[in-house]
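Reading through the structure tokens given below for one structure.
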């Protein structure tokens, strides 16, 4: 009877678990946790970049998921007005649909990065699928602009450590994550997005926002003016990486010196004064 009761209880719990399983299946992957610049040691080849160690107030502002036909041209106007250069991580399918915008980005001095073809979670894809996502975008950007991106950002920041190494070695692409994320895709309002970016940015920060959202573009003037007022200087991601320098390892704490033993005072002697000890 006890076994029958336990079996019945287990079966009754299954329907309650099904919605949870479905929710987990379609949940947005958790991005790679941002790292402060001071916590990124140079102990070997860098597999990805969240923030950089730089001398000076240099930062990189990055825009994902474009080009957006209705939003990116307005953003480019705002950047040109202030002569600020940024990095665009483009989706291959959007670059294909908006070639003139992509050409304008490059012509106005901005950097183009690879953000995959259509924004899948690459960390759960096969190597062949990842290769297709990256090479399709590389080829499309090259056909439109004549250049191939040197950097890539995985959608959701999701890429395994093995994949990071593989992408770097196979395609020569540096993997770029971020250290400032105002969650603008949740559309909390332009004022909130601007406040989060301005408050969280530090020297060496890589800032993530999206040029496909009108509310984000609405926040850009306040973001730019707020960061400029704090003395920050904008560079592309590759320029920021070029400024990176190793972190000085802290010197080990010296071992505590043994307590000195008191030396008895010599007995005074008038006839034979004490000689100085040789150094």
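Every number here is computed from the coordinates shown, using simple stated rules; none is lab data. Bear in mind the structure is a predicted one, so any value in this text is a computation, not a measurement. As a convention, Cβ positions derive from the backbone with ideal geometry for all residues, glycine included, and neighbour counts pool all protein chains shown.
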Worksheet item: Between rounded, prolate and oblate, where does the stretch 38-150 land on the alpha carbon gyration tensor, with a ≥ b ≥ c its root eigenvalues, rounded for a/c under 1.5, else prolate if a/b exceeds b/c?
Response: oblate
Item to complete: Would you mind calculating the relative contact order of the stretch 55-137 from Cα pairs under 8 angstrom and at least 6 residues apart, reporting the percent as a whole number?
Response: 30 percent
Worksheet item: What FRET efficiency do you get for residue 139 and residue 97 if R0 is 22 Å and r is their Cβ-Cβ distance, rounded to the nearest 0.05?
Response: 0.90
Response to the item:
Label model pair residue 132, residue 81: point-to-point distance (7 angstrom along the Cα→beta-carbon line) in nm is 4.3 nm
Worksheet entry | Calculated FRET efficiency for the pair residue 225/residue 147, C-beta based, R₀ 22 Å, to 0.05 | 0.10
Discussion item. For the stretch 53-243, what are Rg and Dmax over the alpha carbons, in angstrom?
Written reply: 15.7, 46
Fill in: Extension reserve of the residue 239-residue 162 stretch, reckoned as 0.36 nm per residue once the Cα distance is removed
25.1 nm
Worksheet item: How high is the relative contact order of the stretch 53-243, given as a whole-number percent (alpha carbon pairs under 8 Å, six or more residues apart)?
Response: 34 percent
